[in-house]
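Below is one structure, written out as structure tokens; comments come after it.
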Amino acid sequence: MLFTLLALSVVGLLLGPVLVALGRARAVLSWTVDGFTLGMLPLLVLIRLLPHTIESVGLWAVLLAMAGFAVVTFAHRGGHAVEARVGRTLVLPTLFVHALADGAALAVSTSTRTGTGGLLLGAAVVLHRLPEGLFVASTSAPADGMRGMMRRVSLLAASTVVGALAGSRLLSVVPDALFDGLVAFGLGAMLRVATHTHQHATTSSRTRAASGLAFFTGIALVLLVPGPDDVLRRAQPRELSVASSLLPLFVETAPSILLGLFAAGALHVWMRPWMTAWLRGGGAFQQAARGMAFGLPLPLCSCGVLPMARRLLTLGVPAAAVAAFAIATPELGVDSALLSLRLLGLPLTLARAIGSVVIAFGVALVVAKVAIPAASLASFGAPEEKAPAPRKRSLGAALADGFGSTLDHNGAWILVGLMLAAAIEAAIDPTMIARLGAPFDVVLGAVVAVPVYVCAQGATPLAAVLVHKGASVGAALAFLWVGPSTNLPILAVLRRELGARAAWAFGLTSLALAIGAGLVANRFVRPGSLPAVHPLVAHAHHPIEWAAAGLLAVLLFASVLRVGPRAWLSAMALEGHVHDHDDPHAEEHEHVELPADDDGHAHGHHHH
């Protein structure tokens, strides 16, 4: 049994160089292998490898992984060659250590296993090692050829065999925390290298589609083949797992996301010059007030505000108006207010509304002072804008813009934001906040909300549950003020459109004001004023929500096939050198198109 599993493990490793070598022969195959690797490797790291190190060394594993990612990112400043060399130096030793541990784990599992495990066990072993082989082969220089790739992968295979023969003795001498800490650091570096590319962007629709299909195939294989420890179905006591909460979150937010995308497309197609002129009028204070007034009648939550904010910025609306719009719109909507009244009561709802206005004005005024004017962004490496082209004002044009280029630029953030929300729901125990007490829970409530990317409607019941589990009303309000408006996607958009200082100003000012307002609310709002709320309330989704979710899933799938997975992820600044404009909407976008050479590859870099 051990020999069979070792053989399958080696086969999984050796498949990597074979696939990469085949891919180098033709462009379509090359991008297919790239999409397959991009779909499989990051997911395997995040849901199979990194959680194992977290069990061993706790949150230190997360910090070490972030450090590994940061080191390779910083090395990029020295150029691609330096980055690649640093990445290989950090990752390859990690893979050798992991191979030793894998071999030892196979030896231990076969000595205690009563059955053979069948086909699924063999598939799991091959799947587990295939991304490592793909990574080692794909990071080898083309000059190394098949021989160089096979040499590196053979060393990994030899380490696995050594681990099976003597690894258990080695692991008994060396502390597990040392091994797993080193692996966690290397996994962070591997994530950076795997998600960052210097490849030229393809202009072939067939190549983009092939890469997209391979991307989804890689994701499906990781999710469908069972692992030894399914972290997607694990959660803190009385909390929902990722597997349990991700689909309901997607269904719940799908109508708002579709509405926001359509509104952004309609804004681009139908917005009259007098509307942008009105938003530009007056000083920063007046612009902030007009931005809030503009957003009040729009039934948008955070996922709908994101594409709208980006569109307003590309239309030249001032930073103060956009910042106030982004913060106030999801908080002051009628739907959010009614839900807040039902779950949080009148005193907390009034405090929420007043705090939203104060924070929106404060953030808008600070951002207006540090934002880089759009005309100056070219000097900071941002792409130049095209001259405005005449637009056809029709429903079809609005749909094509909203569900086409707008979705292409925001789709990755929408999905990753929902996955972060599901992961935090599963991993964070709310009783931890109760043990902290004010004012620390207010700070934690604001900070934790930044990566959550939760809609205002979704944040409201969560805030009610937090209060009933012991959090102060100020902590709940800080979470409500920050979560729907000050999240990673909107910060990325502000950084790209207004500069890094504006993004930092938006985030830090919002956090500071939310914490301050939360501490004030603790003095005036009593926790007993909240209505009684059940911690977990079953919610049956309306057929319209399911229909919207199905439509959104199809549109996201089509978006990835249309632009290719690497360009699709580039909106998150995970990709430093794949153009946004390798997609079929390039002529509709605000930026200049790059020239293509004779083989159809667009040269240049995408700047963030």
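Quick notes on this structure:
- V82 being touching a Gly at 6+ places or on another chain (Cβ under 9 Å) and among the β-branched types (V, I, T): no
Listed here are the residues, each with its yes/no results for (1) assigned to a helix (DSSP H, G or I); (2) at pLDDT below 80; (3) touching a helix residue (DSSP H, G or I) at 6+ places or on another chain (Cβ under 6 Å).
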residue	(1), (2), (3)
S245	yes, yes, yes
L249	yes, yes, yes
A254	yes, no, yes
L258	yes, no, yes
A264	yes, yes, yes
M275	yes, yes, no
L279	yes, no, yes
F285	yes, no, no
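- Within the stretch 262-275, being buried (at least 17 other Cβ atoms within 10 Å of the Cβ) and either closer than 11 Å to L315 by Cβ or not assigned by TED's automatic domain parsing to the domain that holds G396 (or both) holds for A264, L267, H268, M271.
- For the residues R208, R192, the requirement of being touching a Lys or Arg at 6+ places or on another chain (Cβ under 9 Å), assigned to a helix (DSSP H, G or I) and either modelled with pLDDT of 75 or more or outside the structural domain of T32 (by TED's automatic domain parsing) (or both) singles out R208.
- Selection of first residues in the stretch 306-322 that are farther than 10 Å from E497 by Cα and of second residues that are of a type in the set (A, V, I, L, M) and not in a helix (DSSP H, G or I), restricted to Cβ pairs under 7 Å at least 6 apart or on distinct chains, gives the following pairs, ordered by first then second residue: M308/L300; L315/M271.
- When the stretch 488-532 is filtered for residues that are touching a Pro at 6+ places or on another chain (Cβ under 7 Å) and closer than 18 Å to P451 by Cα, only L488 remains.
- Search result, residues across the stretch 164-181 that are touching a His at 6+ places or on another chain (Cβ under 9 Å) and of a type outside the set (D, E): F179
- Helices (runs of 4 or more DSSP H) enclosed by the stretch 439-494 - at least 1 residues per element that are modelled with pLDDT of 80 or more and aliphatic (A, V, I, L, M): 440-449, 473-482
- When the stretch 375-420 is filtered for residues that are part of a loop (DSSP other than H, G, I, E, B) and either modelled with pLDDT under 50 or more than 12 Å from W270 (Cα to Cα) (or both), the ones remaining, listed by number, are G381, A382, P383, E384, K386, A387, P388, A389, P390.
- The residue list A65, A25, A61, A81 contains one member that is among the small types (G, A, S), part of a helix (DSSP H, G or I), surrounded by fewer than 19 Cβ atoms within 10 Å (Cβ to Cβ) and in the same structural domain as H128 (by TED's automatic domain parsing), which is A81.
- Complete set of residues in the stretch 290-312 that are modelled with pLDDT under 85 and surrounded by fewer than 23 Cβ atoms within 10 Å (Cβ to Cβ): L296, P297, L298, P299
The values are calculated or read from the model by the stated rules, or taken from the named source; none is laboratory data. Computed from a predicted model, the values in this text were never measured in an experiment. Note that we place each Cβ from the backbone using ideal geometry, even for glycine, and neighbour counts take in every protein chain shown.
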